[in-house]
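Structure, as structure tokens:
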Amino acid sequence: MERILKIGFVKVGEWKITDEHFSHTIENHLAERKLLYAFVSKNEVLYIGKTTDSLKSRMNGYKNANSTQKTNVRVKAKIHELLNLGEEVSVYILIDKTEFKFGDYKLCLASGLEDILIADIKPKWNDRGVIRINHAIR
């Protein structure tokens, strides 16, 4: 947890279930794009993801997950599991405000940093990606 805070992740909200309605409490940064996000419970980073869409759109992907979105369905079920046990699941984000260029190409910090963080932190819910990422960065 400390590792993501040191590089600038900030807490923006939590996942909630109220009257069987699944939602988040995020009010700020919903329009932000190009960011990394993390789901955290009991100071443990459980999942790291990235989006080039808005934060609102990405969180709606989990909130309204359908059967064709396997990762969204799987992670949503894990969030539900913890919430039903009375645990908190917080949402942290790192906004990509960098302007890296390689020749004429703009580089996205969130895209590059996601793989490294998953390989280093090994979040439990990034199960399939950890094996692929560990081989890719060697």
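The values are calculated or read from the model by the stated rules, or taken from the named source; none is laboratory data. Since the structure is predicted, the reported quantities are computational estimates derived from the model, not experimental observations. As a convention, Cβ positions derive from the backbone with ideal geometry for all residues, glycine included, and neighbour counts pool all protein chains shown.
Which residue, of Ala65, Ala110, Ala77, is among the small types (Gly, Ala, Ser) and either touching a Cys at 6+ places or on another chain (Cβ under 7 Å) or modelled with pLDDT of 95 or more (or both)? I'd like the intermediate steps shown before the answer.
Values: Ala65 fails: either touching a Cys at 6+ places or on another chain (Cβ under 7 Å) or modelled with pLDDT of 95 or more (or both); Ala110 fails: either touching a Cys at 6+ places or on another chain (Cβ under 7 Å) or modelled with pLDDT of 95 or more (or both).
Being among the small types (Gly, Ala, Ser) and either touching a Cys at 6+ places or on another chain (Cβ under 7 Å) or modelled with pLDDT of 95 or more (or both) holds for just one of Ala65, Ala110, Ala77, which is Ala77.
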Give all pairs with beta carbons closer than 9 Å in which a residue from segment 22-33 that is over 20 Å from Ile79 (Cβ atoms) meets a residue that is hydrophobic (A, V, I, L, M, F, W, C) and in a strand (DSSP E or B); count only pairs at least 6 apart in sequence or on separate chains. Asn28/Val12; Glu32/Ile93; Glu32/Ile95; Arg33/Ile95
Search segment 52-74 for residues that are at negative phi and polar (S, T, N, Q) and pair each with any residue that is exposed (fewer than 13 other Cβ atoms within 10 Å of the Cβ) and modelled with pLDDT of 95 or more when their beta-carbon atoms are under 9 Å apart and the residues are at least 6 apart or on different chains. Ser54/Ala31
